[in-house]
Each structure stands twice: as C-alpha cells, then as structure tokens.
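A short worksheet on the structure shown next.
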Amino acid sequence: MKLSMILKLPATFYAFVFTCLVLAGCNGGGDSASSAATSAEAPSTLDLVGSEIAFNPTIRFTSATDCTYDNTLATENTLPQPTAGLIQATYTAVSSAGTITIKVSSTDSSFTDDLILVMTGWSDLDKDGFIDQFAIRPSLGETMSLPEMTAQFTSNPPMLPGAVVSASSLPVFAGGDSNRSPTSSEWNDYVVGKQLVLLYTDGEVSTLNMQSSSAYTTSDAPGNTVQGTYAYERVDDTSGRLTTYESRSYGNPLSAFAVNTQYVTSERQAVFTLNFYNTDPLSDSLFGKPGGLGIHFQRTTDIEKYSVAYVDTDLDGVADSDIKESTTTASGSLRVYNDASLLTE
C-alpha cells in the first residue's frame with residue numbers, strides 16, 4: 001500500500017514550494033540508530049500490557065492474556081489477514097535470556113495456526129528511556145517461519161531495562177500513565193523526529209515526517225517528496241489541534257485550466273482536531289475506530305486558494321472559482337512510528 005500525503009493531494013500535483021510559517025521551538029524525537037541506547041535484557045512481559053507493536057500487523061496487548069490483531073495495512077500476505085480487520089485474540093508471553101516469545105491465538109479462520117513472535121534486540125532510538133524498536137521473527141506454528149523483521153512500539157512502550165525515567169506524568173502514547181493530550185514541549189520531545197501515520201476511515205493511509213516543531217515532509221501519490229509547515233497546540237486534556245500549511249503549483253501549462261501558459265499556484269490550509277483520550281482500547285466513541293494510541297483525528301477545515309479561477313463548481317467544463325473548500329469532514333485514527341516504511345516493506 002502506497003502512503004499518500006495527509007491532505008490527499010490530487011494526481012495533478014507536480015511541485016510543492018516550502019511555505020513561510022516558521023514557529024519557534026526545539027527539535028526533538030528520534031536520533032539515528034548509531035546513537036541508540038540498547039539492552040540485552042528484555043523488558044518484563046507484564047510491561048507489555050497496554051502497549052502496541054507494529055511490524056506489518058499491529059498487535060495491541062489489552063491485558064495479560066488478551067490482545068487485538070490487525071493486518072489490514074500489510075503487504076506481507078503470509079501472516080493472517082482477518083477479513084473483519086481488527087479482531088480480538090489471546091496470547092501468552094514468556095521471557096528468557098533477553099528474548100520474549102509471544103504466541104497469539106485466534107478462532108478467526110485466517111489463523112490456520114498460532115502466530116509465534118520471537119522478540120529480541122531492544123533499542124531506545126531517541127534515548128528517552130523507553131523502547132522504540134526491536135527485532136522480531138514471526139512464524140505460523142512451528143514450521144512456517146519468516147525472515148527476521150524490524151518492529152516498533154507505536155503506543156505506550158515499556159521502559160528500556162536499566163533506564164531511569166519517571167513515567168507517571170507522561171502521556172500514555174509516550175509510555176506514561178497520564179491519559180491526556182501532550183503539551184507543546186512533550187510534542188517536541190515525543191513526536192518531532194518521528195512519523196505520524198493517519199489511517200482514514202475510507203482506507204487511505206497518509207504519513208507526515210515531523211522534521212521540527214514547525215516543518216514536515218511527506219510524499220504525494222507519485223512518490224515525490226513534498227514539504228509543509230504546521231502548528232500544534234494543546235486545547236485541553238482530551239484534545240489538541242494540528243494546523244497544516246502548504247504552497248503548491250500544479251497543472252499542465254497547456255491544459256484548459258492554465259492561464260497564459262503559466263502554472264497555477266495555491267495556498268492550502270487544513271485544520272485537524274486530535275482526540276487523545278483513550279477511553280476504550282477497542283473503539284473510539286467519536287469515530288468508531290480502533291483505539292490505537294487513543295489519538296484520533298477529524299479534519300474540520302480544508303481550504304485551498306488558487307492564484308486564478310481553477311475550480312469548476314458547476315461541472316460545465318469551465319473553471320469559475322479560485323477557492324476550493326471541502327464540505328465534508330474526514331476522520332480516522334493516528335499512530336506514531338519511528339519508521340513508517342515497515343507498513344509497505
């Protein structure tokens with residue numbers, strides 16, 4: 001599945017121009033793997049409860065014996081892919097000599113055998129005291145084994161053994177015990193430097209590479225790298241607001257909508273309301289999506305202002321407006337990845 005950009009740009013897009021909104025703030029988030037903190041010791045299996053891992057399938061450990069399993073995004077077809085999407089399952093976890101072995105069981109027809117996961121190599125990429133990444137070797141039963149993969153904690157990660165960190169006041173998605181939206185400082189520390197993956201209710205998947213406290217990069221449908229700026233603000237304990245800005249040019253100078261053989265430029269702004277409060281690990285009361293991080297989004301504003309009349313509002317084949325505004329909202333669930341490429345590789 002190819003990642004599309006957060007604003008779902010049309011296929012006619014050709015180039016983006018970096019926008020001029022620059023906010024003050026520090027850069028945080030993931031350092032390179034070469035400077036990561038590592039541990040040969042595995043975390044306690046009890047510390048897995050409440051966390052979510054992703055390595056193509058996404059598994060959330062909702063209790064010491066129960067989990068949810070979702071493999072709707074993966075391109076790896078060997079592992080179970082339930083037709084219902086996210087399902088409930090059971091699991092056992094055993095720790096030994098730096099390795100955690102998990103056996104996931106389900107009555108779903110896609111599970112022809114138990115899914116066995118051997119997890120090793122615990123890394124804290126951004127040195128915040130929590131495990132970000134590890135190696136995982138999956139197999140179906142005792143016979144069908146797949147090559148080792150890279151896996152990540154995408155929600156409520158356990159602490160790296162030996163790390164000294166106070167988790168009581170941190171947001172849940174960052175590994176803490178406080179079920180609330182992050183402050184701007186916490187956003188810079190635990191989101192900047194990573195990737196936001198937005199799972200739209202219509203099945204689209206989008207990603208933002210959060211380069212700084214005000215800038216991001218993403219890619220359009222053809223795979224071109226694009227740039228934008230943004231502002232995040234905490235509204236209250238349960239919500240935050242993400243506003244994105246983009247300047248772009250697109251169109252063929254010889255097309256019917258081009259003016260004086262010049263490319264059309266535009267300024268686009270979108271506003272996303274983020275719901276961080278995770279009241280139910282399986283579903284969200286607002287959007288009916290899997291709980292994931294407990295961070296869900298609703299795009300409440302999407303306005304694009306063109307340099308010339310470019311939008312055909314009455315569908316008569318003639319551009320008659322220089323403004324395009326979405327009349328419907330888009331919503332879905334959101335996760336934070338260190339490397340979202342695992343969704344497509």
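Values in this text are rule-based calculations from the coordinates and carry no lab data. Bear in mind the structure is a predicted one, so any value in this text is a computation, not a measurement. Every residue, glycine among them, receives a Cβ derived from its backbone with ideal geometry; neighbour counts consider all protein chains shown.
Could you work out how far apart the two model spin labels at ASP312 and THR38 are, taking each label as a point 7 Å from the Cα in the direction of the beta carbon, and quote it in nm?
Modelled inter-label distance: 5.8 nm.
If each of ILE303 and THR238 carries a label point 7 Å out from its Cα toward its Cβ, how far apart are those two points in nm?
If labels sit at ILE303 and THR238, their model points lie 2.8 nm apart.
Run the reach check for LYS127 against aspartates and glutamates, Cα to Cα strictly under 13 Å, same-chain hits fewer than 8 apart removed. What comes back?
Filter leaves ASP31, ASP189.
Run down the aspartates and glutamates and flag those whose C-alpha is under 16 Å from the C-alpha of LYS305, throwing out any fewer than 8 positions away in its chain.
Result set, ordered by chain and number: GLU246, GLU267, ASP320, ASP322, GLU325.
Starting from the Kirkwood Rh over alpha-carbon pairs, what translational D in µm² s⁻¹ does region 33-159 have by Stokes-Einstein at 20 °C and 1.002 mPa s?
Calculated translational D: 146 µm²/s.
Per 0.36 nm of contour for each residue apart, how much would the distance between SER341 and VAL165 grow if the chain were fully extended, relative to their Cα-Cα spacing? Show your work: numbers first, answer last.
Details: separation 176, 0.36 × 176 = 63.36 nm, distance 2.90 nm.
Once the chain is fully extended between SER341 and VAL165, it gains 60.5 nm.
Count the net charge of all other residues whose Cβ sits under 9 Å from the Cβ of SER184, scoring Lys and Arg as +1 and Asp and Glu as -1.
Local net charge: -1.
With a/c under 1.5 counting as rounded, go ahead and sort region 145-240 into rounded, prolate or oblate using the C-alpha gyration tensor (a ≥ b ≥ c being the square roots of the eigenvalues; past the cut-off, prolate if a/b is larger than b/c, else oblate). Don't skip to the end; give the middle numbers.
Numbers: a/c = 1.86, a/b = 1.20, b/c = 1.55.
Here region 145-240 falls in the oblate category.
At 0.36 nm per residue, minus the direct Cα-Cα distance, what do SER321 and THR83 gain on full extension? Give it in nm, one decimal, please.
Result: 81.4 nm gained on full extension.
Stretched out fully, how many nm does the piece from THR92 to SER109 gain, at 0.36 nm a residue minus the Cα gap?
Answer, rounded to one decimal: 4.1 nm.
What is the sum of charges around THR143, taking Lys and Arg as +1, Asp and Glu as -1, for the other residues whose C-beta is under 12 Å from the C-beta of THR143?
On the way: positive: none; negative: ASP113, ASP114, GLU142.
Net of charged neighbours comes to -3.
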